[in-house]
Structure formats: C-alpha cells, structure tokens
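Structure, as structure tokens:
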Amino acid sequence: MEQQPRRKSWVIGPMILVALLGGVLIGKGWERTGHASETYEELKTFSEVLNQVQRHYVDETKTKDLVQGAIRGMLSTLDPHSAYMTPEMYKEMQVETKGEFGGVGIQIGVKDSRLAVIAPIEGTPAQRAGIKAGDFIVKVNDETTKDLTLMDAVAKMRGPKGTKVNLTIQREGIPDPLVFTLVRDTIKIESVKSKVIENLGYVRLTQFQEATGRDLAKAIKQFRDQKVQGAILDLRNNPGGLLTAAVDVSEQFLPNGKLVVFTKSREGKKDEWFAKSKDTLEELPVIVMVNEGSASASEIVAGALQDYGRAVIVGTTSFGKGSVQTILPLGDGSGLRLTTAKYYTPKGRSIQSTGITPDIVVKLPAPSAGKDGKPAEKEPDPKAVKPPVGKDKETVPHSNGKTPDDTGAKGGPAPQTPPLDSAGDPSLEQDVQLQKAVELLKSWKIFKEMKVS
C-alpha cells in the first residue's frame, strides 16, 4: 500500500461565529442536503440565544467571549482531548513541541473521568515538589477542575517564570487533599538521555518531540561506536507527544519498510506509517520498559516492537490512550485540537483503555516506611497548607463525564517514579525493573553463545 506523508502536525499524548457561518452556511451547495438543513436550524437557535444573552444578561458581555465559550462547550461534549486554542495557546503549543515552554512541568490527561497527572516532567517544579503520576488535580488555585477542559487546565497552570500557582491534589491512599504551591519556571525538556550500563546501551525518552528521533539516532551511533551488546529503551512515565516522532523512534529498531502504526478515521479511512531508516539496531536485542505513566506515542513504539517480536516489554501495563489528535489552524490565528482517529499497532491491536501488557511484568516495590511510619520517599512540601478536613474530598469528574476517548480507562495504583541516582537517572542498584532488563540482556548473550555438542 502506498505510504502516506508523515509530516503532519498530529499529536497523540487538551472559530469565531463568522468562521462557522462562512464554512457552513455560505458553503457551495450547502442547502442541498437534509443534514445541512438540520444544522442551519440549530445555528438559527444558537443565533437567537446569543442575541438574547447580549440584550438581557445582567452584565455586559463581549461577543467574542460568548462565542469562544460556546465553542469550548461544543468540543467538551466530544472527548477530553478535543479543544479550542486561542491564538496565544496555539502559539504556545507550537513552542512546546519544540521542547521549551513556561509552566510547572506536568503532563495531564483524563482518567476515570477526572483530571489526572500522567507524569511530572523531570527536573521541573512539579517533580521537585513531589507531585506524582496518577495524582488527581482537584483544584487549580481556588477553581475546581470539574468544569475545566484539558486545554483550560493547561492554560491556568502555565504562566511567567517566577509566578506561583496552587494545585490541590487527591492522592490514592491519602484521605485528605494535598495542596502544593509551585513556582513556575521555564520548562526545557531534554527528551533523550543515554548512557552505557555494563556494556549495554541505555536510552530514556521523556517525551516525543520534533527532535527526538534525531537525538536518538545520535545516541545509537554512540552505542555502535562503543560496541554495546544490547539496548534498553526506557519509556516509563513518558506521556507521549508527536505521532511522527513515535514513528521516527520505532524505525530505528525495525527493518526498512515495516509498518509501524496505522490509524482509522470515523469513515474507516486508513493511514499507515512505515519505517524508513537505513541505520538501525536491528542486530541487537532490545528491552522496552513501560509503566502506567507510559502513554500515547510511548504505546505506539512499545506496541510496534512487541508485535514484531523485536523487543521484550518489561514493567507494568501502560496507560491506554489510543486516540490521535490533529492540530487544525484557524483563520484568526487560533487552532483546533480535534480527535480525528484511533491508532492501531501493526497487528491491528487498539490499546485504547487497555494499554500495552508487558511480556514480563515487574512491579516496583512499595516505598519502605521511615521511622515515623510514613514512606521514606520524598514527602510533599512541608510548607503546603492542607484544606480543612471534609472539604474538597469529593471526586471530580470531567465536565462531560465518560467519553468515547476515555470510557473505561483503568484506575489502580499510581505509577511510581523509578529510584534515581545522583545524576537524576534511574539507579541500577535500586531500580528492580532496570535490573531485570539488564539481567535479561545478559542472559540472552549467554544463551546465544551456548553450543550443543
């Protein structure tokens, strides 16, 4: 099948009225279909409501604010990942995919119909304060997240460096909400980190950005120069990013021409992405590490390598986000983030709400208790002030409750952050998942060299 172009702005990983009227009502041949007639009648009702609000609402209103609010409400009925972006938000999104933005450093999504932390970004205010993957965000400052879209939540957490934002967190196993006061910073994401561990190439991807494939290729070249005997690809707590970056990463482990991932739209239209790389680690054994914080693009990579038997997947079941968002620019500089398809692994598996199941399940041990009976791991900021007992203890569903994109998303324990060494990398001495990966690759070498006489 002919290979599809791969350089679309597709994100995997949340129009003013004139534009609506221009595209819907004035479009050529619009009045010829029954569906168009129905849409026209609904727009007439919308226009009447807008007129009544402008004439009679107790406070003065701005048409732009009302229409943008209507657009957000419309998109919120679809799924948590479809959203409207103002011109400012659209520009910031473009900057973010290049690896630098302002904020607190949290990747968020919707899980069990609540605003959840997919993973804190390493070295950021959120990670340093002790926010964890699996936490539920109850409030941003004093505003409940119950009626916030993903894009609105992101917008409220972002801001100039040095400014503060309060996040109220509900954490499993802790009855009372936790309040974190975070000081925003410039978030610079180094998406590829690599080193050699016991003659094995270890590379950790923290996010899938435009340059991730290129940076990974540099790391692989170094592994070749050092003649490593195997490779470990660590995707734990990697929340995803660009679909094209997932393909760029996958093709460096697969033969040229292999299908990496395909998507299906509502109409059944199928788009496919194939490996194009000529320089791969095809001859070396590979371990891919995942956990509950591995989502979206991470699951594309893990699923492709698992389907072909190219890698052994180690860890715990991944998050389970199998939908694709397309970024659509609008005429006034704003943008639309719209769920347009679901993606599938080469063998046709959809991981939506189920995730990638490891070949070898290895769980991190529960944190050991300290002298005071509390976990010995880093505690939340002691200066954080807890709200009164009994307040804000309710669960917070997303504004549209269960949606086609997230219905049935699993709950369960929050993924733990692997133990880190002094350089901020997973510690081989304490990280049992990494230990298992190293052990498996060493065993592979031993068995390969065995001969039957």
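Before moving on, here are some points about what is shown:
- Long-range HN-HN contacts of Gly102 with modeled amide H, under 5 Å: Ile187
- Loop-located chymotrypsin sites (Phe, Trp or Tyr not before Pro) in the stretch 199-260 whose Cβ has at most 15 other Cβ within 10 Å (DSSP): none
- Potential lengthening of the chain between Glu210 and Lys188 amounts to 6.5 nm, from the contour at 0.36 nm per residue minus the alpha-carbon distance.
- Centre separation in Å (Cα based) which lies between the stretch 125-186 and the stretch 329-345: 26 Å
- Note on Ser47 and Glu283: their simple-model spin labels are 7.0 nm apart, each label 7 Å out from Cα toward Cβ.
- Cleavage-rule hits (chymotrypsin sites (Phe, Trp or Tyr not before Pro)) in the stretch 82-183: DSSP loop, at most 12 neighbouring Cβ within 10 angstrom: none
- For the stretch 341-351, backbone phi angles converted through the Karplus equation (6.51, -1.76, 1.60; θ = phi - 60°) give residue-by-residue couplings of 6, 10, 9, 9, 6, x, 8, x, 7, 9, 9 Hz, Gly and Pro being listed as x.
- Net charge dipole, the stretch 127-271: roughly 320 debye, given to the nearest 20, about the Cα centre with Cβ charges of +1 for Lys and Arg and -1 for Asp and Glu.
- For the stretch 139-191, trypsin sites (Lys or Arg not before Pro) are listed when DSSP marks them as loop and at most 16 other Cβ atoms sit within 10 Å of their Cβ; the list is Lys146, Lys161.
- Under a 5 Å amide H cut-off, with hydrogens placed 1.01 Å from N, Ala116 pairs with Gly109, Val110, Lys111, Ile137 among residues at least 5 apart or on other chains.
Here, each number is a calculation from the coordinates, and none is a lab measurement. The structure displayed is predicted, hence computed values, not measured ones. Note: ideal-geometry Cβ built from the backbone for every residue, glycine included; neighbour counts use all protein chains shown.
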